[in-house]
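Below is one structure, written out as structure tokens; the observations come after it.
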Amino acid sequence: VVTGCYAGGGYLPSGPLKFPDIKTSIRVSDLSSFQSTGKFTCQVPGYYHIVTTLMSAQNNARIDIMKNSSSIHWQYVTGYSNTYWTPGTAAVVLELKTNDNVWINLHSTYQIYQSCLTIFKIN
């Protein structure tokens, strides 16, 4: 189990979203790599629930849940306001094998605030 968050409020470039503020970590062997890259590397094969919630102030900010460089699911943060942050959530269950990587990819440069990623093994 791991839950990491990004608490900033700035513009972030396209690519992996990093979650350096670890809220929960149980049996994650390479936590420093997850914090610095935003990529979770599976050490124990099985089925995993991946859920992310993010907030953006931009219209239709797109995020992708990635597995080994392939987009598994994408989601838009819908709604738009020039003064308010809008939340968006995406979730999937994936079968992961040893050394598979999972991360949240920003499709473009977006203004992101108070966002988290949780990954836990379900069997």
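The values are calculated or read from the model by the stated rules, or taken from the named source; none is laboratory data. All figures in this text were calculated on a predicted structure; none of them were measured in a lab. Cβ: placed from backbone, ideal geometry, glycine included. Neighbour counts: every protein chain shown. Note: areas computed on protein heavy atoms with side chains; ligands, DNA, RNA excluded. Shrake-Rupley method; radii C 1.70, N 1.55, O 1.52, S 1.80 Å.
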Inset, instruction - Using Cα pairs closer than 8 Å and at least 6 residues apart in sequence, work out the relative contact order for the chain, in percent. - result: 40 percent
Legend entry - Cleavage-rule hits, trypsin sites (Lys or Arg not before Pro), the stretch 1-86, DSSP coil, Cβ neighbours within 10 Å at most 12: ARG27
Legend entry - Relative contact order (percent, whole number), the stretch 51-110, Cα cutoff 8 Å, 6+ residue spacing: 44 percent
Legend entry - Rg and Dmax [Cα atoms of the stretch 33-91; Å; Rg one decimal, Dmax integer]: 13.7, 43
Inset, instruction - Would you mind getting the accessible area per residue of the chain, heavy atoms of the protein chains only, 1.4 Å probe, in Å²? - result: 51 Å²
Inset, instruction - Show which lysines lie in cross-link reach of LYS97 when reach means a straight Cα distance below 24 angstrom and same-chain residues fewer than eight apart are skipped. - result: LYS18, LYS39, LYS67, LYS121
Inset, instruction - Output ³J(HN,Hα) for the stretch 49-57: one whole-Hz value per residue in order, computed from phi by the Karplus curve 6.51 cos²θ - 1.76 cosθ + 1.60 with θ = phi - 60°, and x for Gly and Pro. - result: 9, 10, 9, 10, 10, 9, 10, 9, 9
Inset, instruction - Starting from the amide H of PHE19, placed 1.01 Å from N in the peptide plane, find each other amide H under 5 Å away whose residue is 5 or more places distant or on another chain. - result: GLY38
Inset, instruction - Determine the dipole magnitude for the chain: charges of +1 sit on the beta-carbon of Lys and Arg, -1 on that of Asp and Glu, nothing else is charged, the reference point is the Cα centre, and the result goes in debye to the nearest 20. - result: 100 debye
Legend entry - Exposed chymotrypsin sites (Phe, Trp or Tyr not before Pro) absent - longest run of the chain, DSSP non-H/G/I/E/B, at most 14 other C-beta within 10 Å: 1-79
